[in-house]
Structures are given as structure tokens and as C-alpha cells.
Ligand SMILES: [Zn+2]
């Protein structure tokens, strides 16, 4: 990670560069900011800038021996501590260092959920266990391999178990020589106040909408207006913006698929429905499930538009344009039955029903249901 890859936060970048250039880096800093504010990638960029042998006024060189090692996050004087899903094979951070490096390199705006997905440990409790404190002491007891400083990045220090936190506190009170600590947290209120008082706070504000939008456009070629819409929805969280972007892309495909399904069902067209079913059968079960899930979401949003507060409607862009027209077909007279049929289709797809038979059946039922006029529902 380079400073130039961290989105926005220019003021913090400048402050950090000054620290390095003037050789007055505090021995322990806390990079505190909400998810997607960039505190983790900023810590990575700062580490690179400190280690870089040929840094410029503004960033690391990218070509020196240190930079090459940091391309893989594998520098002998750089140590990481982060929450793990502790089990018989995984006791300390180092046991899953390969996975951690890969996760951060793939997604520098890593959040807790991304990390535990990477570990296939979604349902486990993230913790920095007591065993980690001995590791920390051991790692920092060596002299620096490359003759410069040693750096320890502690991601989510608030997940430290009590005894690990106390040992860290001792280290911060009597720091080993030539050692820098970067604590990176979104929840410092859950940390020991004694640890907080030993660190210099670097507070990250939300990433600005314009900065998020510009990054979406330059990195993912997302058109300007759409990028700004996504940035606004993400509320300063770049990680969230990326999630919305990926959902928007796949949602658009499903929207088109849904539109043609509804058009065919409205005036039952046997030839077109067979074509549609062949296409859908070829998508595979996961996408078929997503299609049904997407349809259920559209029905619900349509009902909201008709009967509830329009500000609660979550759809945006093309989906919203479509839903506004389609809402007339979804009402109290058929909503429950539509939901029941699509839910039942979902249930059966999950249990390996034949998709061709299932979607034909669903098309026939949908044809009947969306032609029910409002107020004329059969009981
Ligand atoms: Zn370099």
C-alpha cells in the first residue's frame, strides 16, 4: 500500500509524512476511524514509507529492497497482531499470517467480516488470545534484522483478551528500543483507557463522498453519477461502497432478467417463456436462488411504495425506475401469494428441484397472480 492508494485523508497523509521526514515518529500511535475510513491501509502505507530506502517527499519508491518485501507484506522487521478464530491449530496471529497477508493484499480496506470469511470462520468469535502476548514479547525481543526500526501493527486491539492487553500496556509503558507500535481500531472505546493514554491518537474522519466517487471511477470505471450515488449510500465507508458497487452490477443483470420474466408472465407467451426458462436453468442454482431473492426484494419494495412511507424504499437508479412502474402490479390482493410462491420456489431450488419444471410452474402462477386486479383478489 502506498499513500497514493489511500482514498482521501490528505491531511493525515501529510502529517504522517512529516513525522517520518523530521524523524519524530511517536513510539505508539492509534489510528482510529470508522470502518472504510482507511485507517488500516494508511497504517500499511506509513509502514512502507518508514521502511522505504528511497522515499520521495510524497510516497515510497516502490522499487527498493524494502518496498519489494512489502509488496508481499513480508518484511522481517514488520509484525502483525490481529484477531483470530482460535482452535487447536490456530493459537496466535502467526499461525494464519499467510491468510492475513493475502486478505490485506486483496482488500486493503479489510473489515472484520472479510477477514473471518477468508478464514472460513464466519460464526466464530474474533479474539486476540492471551497466548499472543508472549508472542509479542518474543518478536520484539530480537534486534532488528535490517538495522532499522521494528514495527508492530496491531489491528483491532480492542479484541485483546484482558491479560494480553495488560502485557501490551507494559510494553507501551516501557517500550523496547527502536520499536514502533501502530494500533488500528474502529472501537477504541472498548480498549483499556490506560492503553489509550499511552498512544498518540490519529483520528480519521469519514472518507468524503467525492473521494470515494473518484476512486470508484478511476479504479472500477464506474460512471460519475452512479459513483457519486454509491458514495452517498456508503456514508463515508469505502468498504461499503465497494460492496454496493458489486451488488449493483449483479443486481442490474437480475433486474433485466426479472423484467423479462414479468413481461412474459403478464401476457403469457409460451415460446418466450420456454426461452427464458432455458436461460435460467443454465445459470446454476446459486444464481437461480439469487434471482428469486431479488424478486422477493422487488415485491416488498413495491408494496412499500404503494402503502408505506416512500422514504423507506431502498431501491436506487434503474431498479427504482422499474419498480415505480411495476408497483401497480403488486398490491394487497396478490402480495402474500407472490411471496409465498417465490419463497416456495426458493425452498425447492435449494433442495435440488428440477429448475425447468419449477420455473414453468412459477411462471404460470405468476401469470395468474399479477393479473389479479387490485381489490378483486380471490379469497
Ligand atoms: Zn522503497
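Here, each number is a calculation from the coordinates, and none is a lab measurement. Keep in mind the model is a prediction, meaning the values are calculated, not measured. Every residue, glycine among them, receives a Cβ derived from its backbone with ideal geometry; neighbour counts consider all protein chains shown.
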### Query
Just the Cα atoms of the chain: what Rg and Dmax do they give in Å?
26.4, 82
## Note on the structure
Whole-percent tail of the Cα-Cα distance distribution for the stretch 133-257, cut at 24 Å, equals 51 percent
### Query
Taking the mean number of other Cβ atoms within 10 Å as a proxy for protection, how do you rank 281-292, 254-265 from highest to lowest?
254-265, 281-292
#### Entry: Global geometry of the stretch 272-377, whether rounded, prolate or oblate, following the gyration tensor of its Cα atoms and the 1.5 cut on a/c
prolate
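Expressed in nm to one decimal, what extension gain is obtained for the pair residue 131 and residue 74 from 0.36 nm per residue of sequence separation less their Cα-Cα distance? Walk me through the numbers before you get to the answer.
On the way: separation 57, 0.36 × 57 = 20.52 nm, distance 2.23 nm.
Working it through step by step, the gained length comes to 18.3 nm.
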### Message
How far apart, in nanometres, would the label points at residue 123 and residue 145 be if each is projected 7 angstrom from Cα along the Cα-to-Cβ direction?
### Response
3.8 nm
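Just to verify a number: FRET efficiency for residue 279 and residue 220, C-beta to C-beta distance, R0 = 30 Å, to 0.05? Show your work: numbers first, answer last.
Details: r = 27 Å, r/R0 = 0.90.
Computed FRET efficiency for residue 279 and residue 220 comes out at 0.65.
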## Note on the structure
Rounded to the nearest 10, the angle in degrees between the Cα long axis of helix 39-51 and the longest principal axis of the Cα atoms of the chain comes to 40 degrees
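Does the stretch 97-196 classify as rounded, prolate or oblate by the C-alpha gyration tensor (a ≥ b ≥ c root eigenvalues; a/c under 1.5 gives rounded; else a/b over b/c gives prolate, otherwise oblate)?
Details: a/c = 1.91, a/b = 1.31, b/c = 1.46.
It is oblate, given that a/c is not under 1.5 and a/b is not larger than b/c.
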### Query
Tilt of helix 285-307 relative to the longest C-alpha principal axis of the chain, in degrees (0 to 90, nearest 10)?
70 degrees
### Message
Which order do the peptides 224-235, 16-27, 62-73 come out in when sorted by mean C-beta neighbours inside 10 angstrom, highest first?
### Response
224-235, 62-73, 16-27
### Query
Among rounded, prolate and oblate, which fits the stretch 74-129 when a ≥ b ≥ c are the square roots of the eigenvalues of its C-alpha gyration tensor, a/c under 1.5 means rounded, and a/b larger than b/c means prolate?
oblate
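Show that you can apply the helix-only estimate: for the chain, add -39,500 (n - 2.57) for every DSSP H stretch of four or more residues, divide by all residues, and state [θ] at 222 nm to the nearest 500.
Values: 16 runs with 206 residues, N = 379.
Computed ellipticity for the chain at 222 nm equals -17000 deg cm²/dmol.
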### Query
Using Cα atoms only, what is the angle between the long axis of helix 209-220 and the major principal axis of the chain, expressed in degrees (0 to 90) to the nearest 10?
80 degrees
## Note on the structure
Of 251, 187, 306, the most mobile residue in a GNM of the chain (C-alpha springs, cutoff 10 Å) is 306
